[in-house]
1. Restrict the check to the range 179-190 and report whether at least one residue is among the hydrophobic types (A, V, I, L, M, F, W, C), part of a helix (DSSP H, G or I) and surrounded by 21 or more Cβ atoms within 10 Å (Cβ to Cβ).
2. Working only within the range 61-94, note down all residues that are at pLDDT below 90 and in contact with a Phe, Trp or Tyr (Cβ under 9 Å, 6 or more places away or on another chain).
3. Scan the range 24-51 residue by residue and report those that are surrounded by 19 or more Cβ atoms within 10 Å (Cβ to Cβ), touching a Pro at 6+ places or on another chain (Cβ under 9 Å) and not in a loop (DSSP other than H, G, I, E, B).
4. If I ask for residues that are within 14 Å of the ligand (Cβ to nearest atom) and among the small types (G, A, S), which ones from the range 83-111 would you list?
5. Would you point out the residue of the range 102-130, among those that are surrounded by 14 or more Cβ atoms within 10 Å (Cβ to Cβ) and charged (D, E, K, R), that is farthest from L45 (Cα to Cα)?
Amino acid sequence: MKKNPHIGVLALQGDFAEHIQKLEELGAKTYEVRRSSDLEELDGLIIPGGESTTNAKLEAAASKFHSAKPDRLPIFDAIKARAVKGLPIWGTCMGSIVLAKDIEGSKQGRIGLMDISLRRNAFGPQRESAEISLDIPELGNKPFPGIFIRAPLFLKAGNKVKILSKLGEGFVMAREESLLATAFHPEITDDDRVHRYFLGMINA
Ligand code: GLN
């Protein structure tokens, strides 16, 4: 693994600060990402938890504002362009929604690169937030404390997608080449194994 990888966290809205803290603890150099030029130095990008419709609106508004500047691509388009060239990207909860190609019953704005289909808010409202012990064989035998806050459930996966953790009739962690998605929030636990796993993807 590269010694001090440069990792950006999309910082339009949501819990980007918690990811930044975890990444710094693991020795990464971190960047808050708000515009396309913030992506230049990055070895990897995290799209945090938050509210996907709010992020889509913020990104649409910013795109309009910057459209006069040809050198400034809207941030979702800029991320997509880097992802296609292999930039490792990890979406947590809202981030997984923004990465997914298919969001059940919704046309909301997204990056839409990962071949998964999901249902938003599948675990119920905020008050039904829960910690669920997850089996993630790739991270070892010890169960992972999965924190679910108005989380999506992943329902279908294309044939290049590797399912890393199943739950109920669906799954909650998956990888498609350099894209990683978790429906839960490792950034607000003491367990750093998913962050380490993502850092491990960077030079793989
Ligand atoms: N329910 C939110 C959405 O659909 C995601 C919540 C989260 O990221 N914790 O965008």
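The values are calculated or read from the model by the stated rules, or taken from the named source; none is laboratory data. What you are looking at is a predicted structure, and each value in this text was computed from that prediction instead of being measured. Cβ sites come from the backbone with ideal geometry, for glycine too, and all protein chains shown count toward neighbours.
1. No: zero hits.
2. S63
3. Result: S36, G44, L45.
4. The answer is G91, G95, S96, A100, G105, S106, G109.
5. So, considering only residues that are surrounded by 14 or more Cβ atoms within 10 Å (Cβ to Cβ) and charged (D, E, K, R), the one farthest from L45 (Cα to Cα) is E104.
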